[in-house]
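Below is one structure, written out as structure tokens; comments come after it.
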Amino acid sequence: MPRNESNPAGASDENAEDLRLMGLVSAGETAAFEELVERHQRLVVGTVARMLGNNSDVEDIAQQVFVRIWKNAKRYVPRAKFTTWLLKITRNLVFNELRRRSRHAQLPLVAESDDTELPIKDERAVAPDAALLEQELREAVEAAIAQLPETQRMAVVLRRYDELSYEEIAEVLDQSVPAVKSLLFRARTELRTRLSRYLSN
């Protein structure tokens, strides 16, 4: 379930804390900024990594997101949740990077393997074959998502991994809710086609 649908009160408390910290950041409080980074670094890095693949650009782009937060703190007006604004900045920087890459005609974006994605080491708990199959499926899903057009890919990442509601995704992507639902429908149809050999088993 998306975060704000399953626990709206908790989400509201978190946003209130984000707004309190942003007030301090706008006054130049570096400690508040560091706390804000700590609270949301995983969200930003995870979103960037799923959009760009696990490579050397991820940390650089994530760092740029927080630099933008710091530089624009005085002009920040909380029209929506703080994380929505944060993910809008993330979206803009990720899309800029994707367009830069397409101009340089690099290889297709496929998530690279990461040490954290290795099969579970305790083979007594999960049979090796099952662990390998699970990893193969996970990599196939990530590769299929990486082949989607950038806006569809971002919508899938925000829904599947970041657990945003349709309304929050619409805010981040500057789209209507029906447009977001259409994006996700087209993306899921494409993913089903690409992953058909796994789904038929």
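If you count, for each residue, the other Cβ atoms within 10 Å and average over each peptide, how do 178-189, 68-79 line up from highest to lowest?
Working: 178-189: 15.9, 68-79: 12.7.
The peptides rank, most packed first, as 178-189, 68-79.
Let me know the shape class of the stretch 38-104, please: from the alpha-carbon gyration tensor, a ≥ b ≥ c as square roots of the eigenvalues, rounded when a/c is under 1.5, otherwise prolate if a/b is greater than b/c, or oblate. Judged from the Cα gyration tensor, the stretch 38-104 comes out prolate (a/c at least 1.5, a/b above b/c).
Between Gln135 and Tyr161, the contour length at 0.36 nm per residue exceeds the Cα-Cα span by 7.7 nm. The Lys88 and Asp13 beta-carbon pair, evaluated with R₀ = 35 Å, returns a calculated FRET efficiency of approximately 0.95.
So how far apart, in nm, are the two label points at Asp57 and Ser102 if each is 7 Å from Cα heading toward Cβ? Label at Asp57, label at Ser102, 1.2 nm between them.
Ligands, DNA and RNA are left out, and with a 1.4 angstrom probe the accessible area of the stretch 143-201 is 51 Å² per residue.
The values are calculated or read from the model by the stated rules, or taken from the named source; none is laboratory data. Keep in mind it's a predicted model, so treat the numbers as computed, not measured. FYI the Cβ positions are ideal-geometry reconstructions off the backbone, even for glycines, and counts take in every protein chain you see. Accessible surface is based on the protein model in full, side chains and every heavy atom, while ligands, DNA and RNA are left aside. Shrake-Rupley method; radii C 1.70, N 1.55, O 1.52, S 1.80 Å.
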